[in-house]
């Protein structure tokens, strides 16, 4: 049975095997979630790994809504997914559509890794993409995440993704997220 729930704390404390970095098209690990991940994963060396992950893209940038994968660096995570929530060349804000794409592509990336690695289980910690700094409310971000999860699992009923935790540090935001998740899914 799949668990979808909230984890109130730092993304770098999420009790999952993989976490998602709500990033930008250049995977610059500057502030907020990205800064916490940079510190947990090895600082400058990890930022270099992120730059190398962009070498596969034509202009060295990750298209908005897409996901790149790195190792977990020096953290406890096996993988870090970097979701391009923001495209600063276009705007200093994100959109509901971009957040939905980031979540959907994070799930597709998890499915690919499950298949490639022969895993029988996968757990994922995700932030509220684009909330606050990206210009979206926590509610709008959470609703976009829920829409993406519903669409993905409708088409992937046999998915081996066993747990998704929506992560935030603020207890009032966690309470709001729990309410929204409860409208979309059966929670434990």
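The values are calculated or read from the model by the stated rules, or taken from the named source; none is laboratory data. Keep in mind that what you see is a predicted model, and the values were worked out from it rather than measured. Every residue, glycine as well, gets a Cβ built from its backbone with ideal geometry; the counts of neighbours run over all protein chains shown.
Screening 65, 42, 32 for residues that are closer than 19 Å to residue 85 by Cα, touching a residue at least 12 places away in the same chain (Cβ under 8 Å) and out of contact with any strand residue (DSSP E or B) (no Cβ under 7 Å at 6 or more places or on another chain) leaves exactly one candidate, 32.
Please work out which residue is farthest from residue 134 (Cα to Cα), limiting yourself to region 32-72 and to residues that are part of a loop (DSSP other than H, G, I, E, B) and in contact with a helix residue (DSSP H, G or I) (Cβ under 7 Å, 6 or more places away or on another chain). Talk me through it step by step, then tell me what you get.
First, pick out the residues of region 32-72 that are part of a loop (DSSP other than H, G, I, E, B): 42-43, 57-66, 72.
Filter once more, keeping what is in contact with a helix residue (DSSP H, G or I) (Cβ under 7 Å, 6 or more places away or on another chain): 60-62, 64-66, 72.
On the way: 60: 22, 61: 18, 62: 17, 64: 13, 65: 13, 66: 16, 72: 24 Å.
Here the residue is 72.
The single condition among (1) under 20 Å from residue 170 (Cα atoms); (2) touching a strand residue (DSSP E or B) at 6+ places or on another chain (Cβ under 6 Å); (3) at pLDDT below 90 that residue 7 does not meet is (3). One residue stands out among those in region 150-180 that are in a helix (DSSP H, G or I) and in contact with a helix residue (DSSP H, G or I) (Cβ under 7 Å, 6 or more places away or on another chain): the one that is surrounded by the fewest Cβ atoms within 10 Å (Cβ to Cβ), which is 150.
Please state which one of 49, 55 is in contact with a strand residue (DSSP E or B) (Cβ under 6 Å, 6 or more places away or on another chain) and surrounded by fewer than 19 Cβ atoms within 10 Å (Cβ to Cβ). Working first, answer last.
On the way: 55 fails: in contact with a strand residue (DSSP E or B) (Cβ under 6 Å, 6 or more places away or on another chain).
Answer to the check: 49.
Go through the residues of region 41-57 one by one and say whether even a single one is closer than 17 Å to residue 123 by Cα and either within 14 Å of the chain's Cα centre (by Cα) or at pLDDT below 90 (or both). No, region 41-57 contains no residue that is closer than 17 Å to residue 123 by Cα and either within 14 Å of the chain's Cα centre (by Cα) or at pLDDT below 90 (or both).
Kindly evaluate residue 140 against the criterion of being surrounded by fewer than 16 Cβ atoms within 10 Å (Cβ to Cβ), under 16 Å from the mean Cα position of the chain (by Cα) and within 24 Å of residue 62 (Cβ to Cβ).
Values: surrounded by fewer than 16 Cβ atoms within 10 Å (Cβ to Cβ): no; under 16 Å from the mean Cα position of the chain (by Cα): yes; within 24 Å of residue 62 (Cβ to Cβ): yes.
Taking the combined requirement at face value, the residue does not satisfy it.
Of all residues in region 127-137, at least one satisfies being in contact with a strand residue (DSSP E or B) (Cβ under 9 Å, 6 or more places away or on another chain), in a strand (DSSP E or B) and modelled with pLDDT of 95 or more.
Filter region 76-100 down to the residues that are in a loop (DSSP other than H, G, I, E, B) and over 11 Å from residue 135 (Cβ atoms), then identify the one that is modelled with the lowest pLDDT. It would help to see each step written out before you state the result.
From region 76-100, those in a loop (DSSP other than H, G, I, E, B) are 76-78, 87-95; that's our starting set.
Cutting the leftovers down to over 11 Å from residue 135 (Cβ atoms) gives us 76-78, 87-90.
On the way: 76: 96, 77: 97, 78: 96, 87: 78, 88: 71, 89: 77, 90: 82.
Residue satisfying both the conditions and the ranking: 88.
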